[in-house]
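A.B. asks: Quick one: the structure is below, and I'll ask about it shortly.
The values are calculated or read from the model by the stated rules, or taken from the named source; none is laboratory data. Since the model is a prediction, treat every value here as computed from it, not as a measurement. Because the Cβ atoms are built from the backbone with ideal geometry, glycine has one as well, and the counts that use them run over all protein chains shown. The area values use the complete protein model at the heavy-atom level, side chains included, leaving out ligands, DNA and RNA. Shrake-Rupley method; radii C 1.70, N 1.55, O 1.52, S 1.80 Å.
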Amino acid sequence: MSEEKKESKIEETAMEQKETDLVLSRAYKFEGQTYEKLDLSGMEDLTAQDMIDASRYMRRIGFNNMDEEMNLPYALFMASKVTGLPIEFFDALKPYDAIRIRGRMLRFFYSPA
């Protein structure tokens, strides 16, 4: 493989990583592990059933409105599904990081494929 192609491949991989990784504003310790970023690449694997599960979660915690995906608990539930981390991890995030996750989820849901 030529040197130019290798560099291009490295740049593509770094770009993909930037889009799927969310660097947290500070390191979070949870269950003995430290997290500095979240890998949200699993968004591509979400299903309609995941959205239904999130809707059920929203009703269980007392939210009952239309545009559920606009709400923070919905986005954090989906981030939990995507990362495999429990919802309690996301409940402990600082507001800045929680809002950034919501923004990332909204962009994913409403951006054309």
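A.B. asks: Going through segment 18-76 one residue at a time, which ones are β-branched (Val, Ile, Thr) and closer than 21 Å to PRO95 by Cβ? It would help to see each step written out before you state the result.
C.D. replies: Keep residues of segment 18-76 that are β-branched (Val, Ile, Thr), which gives 20, 23, 34, 47, 52, 61.
Correct list: VAL23, THR34, ILE61.
A.B. asks: Right, here's the next one. Just for segment 41-65: of the residues that are hydroxyl-bearing (Ser, Thr, Tyr) and open to solvent by 40 Å² or more (accessible area, probe 1.4 Å), which one is nearest to GLU31 (Cα to Cα)? So that I can check it myself, show each step before the final result.
C.D. replies: First pass over segment 41-65, keeping only residues hydroxyl-bearing (Ser, Thr, Tyr): 41, 47, 55, 57.
If we keep only those that are open to solvent by 40 Å² or more (accessible area, probe 1.4 Å) too, we end up with 41, 47.
On the way: SER41: 22, THR47: 28 Å.
It comes out as SER41.
A.B. asks: Separate question: Need the failing condition index for GLU68 against (1) farther than 18 Å from SER111 by Cα; (2) free of Cβ contacts under 8 Å to residues at least 24 places away in the same chain; (3) surrounded by 11 or more Cβ atoms within 10 Å (Cβ to Cβ), just the number.
C.D. replies: For GLU68, the exception is condition (1).
Per-residue answers, yes or no, for (1) part of a helix (DSSP H, G or I); (2) open to solvent by 40 Å² or more (accessible area, probe 1.4 Å):
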| residue | (1), (2) |
| --- | --- |
| LYS81 | yes, yes |
| PHE89 | yes, no |
| GLY103 | yes, no |
| PHE108 | yes, yes |
| PRO112 | no, yes |
